[in-house]
Structures are given as structure tokens and as C-alpha cells.
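> Quick one: structure below, then a few questions.
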Amino acid sequence: MNIYEAMEHRRSRYALDANTTVSDERIEEIVGECLVQTPSAFNSQTARVVALFGESHAKLWSIVMETLRARVPADKFAGTEAKVNGFAAAHATLLFFEETDTVKALQEQFPSYADNFPLWSLQASGMAQVNVWTALSSEGLGVNIQHYNPIIDDEVARTFDVPASWKLISQMVVGNPVAEPGPIAKKPVSERLVVRR
Ligand SMILES: Cc1cc2nc3c(=O)[nH]c(=O)nc-3n(C[C@H](O)[C@H](O)[C@H](O)COP(=O)(O)O)c2cc1C
């Protein structure tokens, strides 16, 4: 796949099972390569990933399930339960974090940019996430991203022994795609791209 085909192939895939044909080692290798190659403000390299496979993947989705069960009214929980079970049925979850001590140090070192560093940190996280999403999709894996943070943050940090300075940004679900996503509406490029000469 060339880069444009890979970008087009990157979709949110929700119908996933655990029977992936790509090895866990290969997934680790791809995530590592994407972390290394993704740019960041001042080359601060604040993106972090905790890759959850096997029991750890299952544990994450049980944390999400129980956290939501405590908040969603019981008579409305069936839909939530089915959704979370769908993520648990996938193969792995990549937890994306940003390392905030480095962000704070940059804010102190460069006070005139202080307000920008947290925004740049999130931008760089997004770049890392889309690189991983695109790369894994191009290998035939199905991927979607979820945001159950911040309500799961404390328990995730305790359970997976995550350093206190790592802030949870997203949960990327990875599995074997069992159905293709439907077509998606795209606005005309002419509405979104303006050229001045
Ligand atoms: C910053 C960002 C946050 C998103 N958050 C969620 C989310 O919490 N749950 C979810 O199911 N999809 C989430 N998505 C996926 C988008 O809904 C999806 O990318 C968009 O509708 C386009 O569809 P596509 O990914 O198939 O191209 C998110 C996407 C982005 C870029």
C-alpha cells in the first residue's frame, strides 16, 4: 500500500474479534516504530503507549465495564454492556498517554510558550495515534479509538503500574476485522481547502 491507500484504508472498525493473523511482536514493533518516527514539539517525544494483550486487555475492559456500571442507570445499561463487550472481544488495546513532567519542564523553560505546550502535547499524541492507526490498519488489523478517560484513569494507573506523570489520552482497540465499515460521507475538498496565490 502506498501512503494514500493506507490513509484511505484507515477506518474506524468496530466489528472485531481476537483471531488476528498479525503477531503480538509485530504489533509491538509497529507501535515502537511509529512512536520513534512521529514528530513532537521541540522534539519532546512525550507520547507513551502501554500495550495490553491477553489478560491485561480483558482487565482494561472489565475496569471500563465496572466504572460505567457504577454510573449508568441499571435499566439503561444493556447498550453500554454490549458496546464494552464488543471492545473486550478484540485482541489488544493500546493505551496512549502523554508524559506531563516533560510538558511542565518545557513550560518553565520557555515561559513565553507556556500555554502552547499542553496543546502541542495533544497534537503530537494525535499524530502518534494516527500513525499507529494507519500502520496497523495497513497490515490488515481492525482498529478503533475510545475515550473512557478520565473516569478510568486512577484504576488504570494502579492496575498497569503506570507512572504518575503519564496522562491517559485514549484507548486504541485492535483486533481482527470481521466486517468492513460502510461508506463515509466526506465534505467536498473545496469547502475545506483554500488556496491563495
Ligand atoms: C480525536 C478523535 C476522537 C475520537 N473519539 C472517538 C471515540 O471516543 N469513540 C469512537 O468510537 N470513535 C472515536 N473517534 C472516531 C471518529 O468517530 C471517526 O474517526 C470518524 O467518524 C471518521 O470515521 P473513520 O475513522 O472510519 O474514517 C475519534 C476520532 C478522533 C480523530
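Since every read-out is calculated from the coordinates, none of them should be taken as a lab result. In this text, all values refer to a predicted model and were calculated from it rather than measured experimentally. Neighbour counts run over all protein chains shown; Cβ positions are idealised from the backbone, glycine included.
> Any idea which residue in segment 95-114 is surrounded by the most Cβ atoms within 10 Å (Cβ to Cβ), counting only those that are of a type in the set (D, E, K, R) and free of Cβ contacts under 8 Å to residues at least 40 places away in the same chain?
LYS104
> Is it the case that segment 148-160 has a residue that's out of contact with any helix residue (DSSP H, G or I) (no Cβ under 8 Å at 6 or more places or on another chain) and in contact (Cβ under 8 Å) with a residue 40 or more places away in the chain?
no
> Can you tell me which residue within segment 130-144, out of those that are among the β-branched types (Val, Ile, Thr) and in contact with a Leu (Cβ under 9 Å, 6 or more places away or on another chain), is farthest from the ligand (Cβ to nearest atom)? Steps first, answer last, please.
Filtering segment 130-144 down to residues among the β-branched types (Val, Ile, Thr) leaves 130, 132, 134, 143.
If we keep only those that are in contact with a Leu (Cβ under 9 Å, 6 or more places away or on another chain) as well, we get 132, 143.
Details: VAL132: 13, VAL143: 9 Å.
Per the criteria, the residue is VAL132.
> Considering only residues of segment 160-197 that are in contact with a Lys or Arg (Cβ under 6 Å, 6 or more places away or on another chain) and under 26 Å from GLU81 (Cβ atoms), which is surrounded by the most Cβ atoms within 10 Å (Cβ to Cβ)? Talk me through it step by step, then tell me what you get.
Initially, segment 160-197 is screened for residues in contact with a Lys or Arg (Cβ under 6 Å, 6 or more places away or on another chain), giving 166, 177, 181.
Add one more test, that the residue is under 26 Å from GLU81 (Cβ atoms), and what stays is 177, 181.
Details: PRO177: 19, PRO181: 13.
Looking at the filtered set, the residue picked out is PRO177.
> Moving on. Taking helices (runs of 4 or more DSSP H) that fall entirely within segment 1-93, which contain at least 1 residues that are closer than 23 Å to SER121 by Cα and away from the ligand (no atom under 15 Å from the Cβ)? If you could, list the steps in order and put the result at the bottom.
Details: elements: 3-9, 24-37, 54-69, 77-88.
It comes to 24-37.
> Would you mind stating whether SER40 is touching a helix residue (DSSP H, G or I) at 6+ places or on another chain (Cβ under 8 Å), under 25 Å from SER165 (Cβ atoms), surrounded by fewer than 17 Cβ atoms within 10 Å (Cβ to Cβ) and among the small types (Gly, Ala, Ser)? Give the derivation first.
On the way: touching a helix residue (DSSP H, G or I) at 6+ places or on another chain (Cβ under 8 Å): yes; under 25 Å from SER165 (Cβ atoms): yes; surrounded by fewer than 17 Cβ atoms within 10 Å (Cβ to Cβ): no; among the small types (Gly, Ala, Ser): yes.
It is false that SER40 is touching a helix residue (DSSP H, G or I) at 6+ places or on another chain (Cβ under 8 Å), under 25 Å from SER165 (Cβ atoms), surrounded by fewer than 17 Cβ atoms within 10 Å (Cβ to Cβ) and among the small types (Gly, Ala, Ser).
> I need the full set of residues from segment 89-104 which are of a type in the set (A, V, I, L, M, F, W, C) and over 15 Å from the mean Cα position of the chain (by Cα), in order please.
At the first step, the residues of segment 89-104 found to be of a type in the set (A, V, I, L, M, F, W, C) are 89-90, 92, 94-97, 103.
Within segment 89-104, ALA89, VAL103 qualify.
> Please specify each residue of segment 115-125 satisfying the condition of being surrounded by fewer than 17 Cβ atoms within 10 Å (Cβ to Cβ) and either touching a residue at least 24 places away in the same chain (Cβ under 8 Å) or within 13 Å of the ligand (Cβ to nearest atom) (or both).
Within segment 115-125, ASN116, LEU122, GLN123 meet the criteria.
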